[in-house]
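Asker: The structure is given below, and queries will be raised subsequently.
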Amino acid sequence: MANRWGIPIDVEIFVKQRDTNCVYCGIKFLEKNESRKSMPSWEHIVNDIRLNGVDNIALCCMSCNASKGAKPLKNWLTGKYCKNKNITEENIAIVVKEAIKNTSS
């Protein structure tokens, strides 16, 4: 069984518990978000819809998700949006750091 994005329910449950903040900018997801931009959205860290495990599915804010789009993670992290928001490989969530490490090897 999967949700409407094709993410298995067990992965969805795990990720919702793990990612209480955006995995990129760190904004806290609140019960009532002040803006649509700060709401959580599903993210494939590595842009491959076939990779639906907990190591590639995360929650990020809609603002980061819209900015990243289909860009490769390494390219996005060096772009203007990340520079402006001070998003670096050092301050992203561990799940993203692990994805970078696993795709680099």
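The values are calculated or read from the model by the stated rules, or taken from the named source; none is laboratory data. What you see is a predicted model, and the numbers here were worked out from it, not measured in a lab. For neighbour counting, all protein chains shown are included, and Cβ atoms are generated from backbone atoms with ideal geometry for every residue, glycine included. Ligands, DNA and RNA are excluded from the accessible area calculation, which covers all protein heavy atoms including side chains. Shrake-Rupley method; radii C 1.70, N 1.55, O 1.52, S 1.80 Å.
Asker: As an exercise, identify the GluC sites (Glu not before Pro) in the range 64-104 lying in DSSP coil whose Cβ has no more than 11 other Cβ atoms within 10 Å.
Answerer: Those satisfying the criteria are 90.
Asker: Please report the relative contact order for the chain, taking Cα pairs under 8 Å with a sequence separation of at least 6, and give it as a percent rounded to a whole number.
Answerer: That works out to 28 percent.
Asker: I would also like to ask the following. Residue 61: net charge of surrounding residues, Cβ under 11 Å, Lys/Arg +1, Asp/Glu -1, itself excluded? Show your work: numbers first, answer last.
Answerer: Working: positive: 28, 36, 37, 68, 85; negative: 19, 43.
Neighbourhood net charge equals +3.
Asker: Now a separate question. Roughly what would the spin-label model give for residue 16 and residue 84, points 7 Å off Cα along C-beta, in nm?
Answerer: 3.2
Asker: For the range 1-63, what does the equivalent ellipsoid look like in terms of its semi-axes, each the square root of 5 times an eigenvalue of the Cα gyration tensor, given largest first in whole Å?
Answerer: 20, 12, 10
Asker: Further question on the same structure: Taking the range 1-36, which trypsin sites (Lys or Arg not before Pro) meet the DSSP loop condition and have no more than 16 other C-beta atoms within 10 Å?
Answerer: 4, 32
Asker: Which value in deg cm²/dmol, rounded to the nearest 500, describes the helix-derived mean residue ellipticity at 222 nm for the chain, given -39,500 (n - 2.57) per DSSP H run of n ≥ 4 and division by the residue count?
Answerer: Taking each H run of at least 4 residues, the total per residue is -10000 deg cm²/dmol.
Asker: Right, another one. Quick one: with all protein chains in place, what share of the accessible area of the chain is carbon or sulfur, to the nearest percent (1.4 Å probe)?
Answerer: For the chain, the apolar C and S fraction of the accessible surface comes to 56 percent.
Asker: Work out, in µm²/s and without decimals, the Stokes-Einstein translational diffusion coefficient of the chain at 10 °C, 1.306 mPa s, Rh from Kirkwood over C-alpha pairs.
Answerer: On the way: Rh = 13.9 Å.
Result for D is 114 µm²/s.
Asker: Take residue 1 and residue 35, extend 7 Å from each Cα along the Cα→Cβ direction, and tell me the distance between the two endpoints in nm.
Answerer: Each label point lies 7 Å from its Cα, and together they span 3.7 nm.
Asker: Once Lys and Arg get +1 and Asp and Glu get -1 on their Cβ, which of 64, 93, 23 lies farthest toward the positive end of the dipole of the chain?
Answerer: 64
Asker: Accessible area per residue, 1.4 Å probe, Å², for the chain: what's the number?
Answerer: Accessible area per residue: 63 Å².
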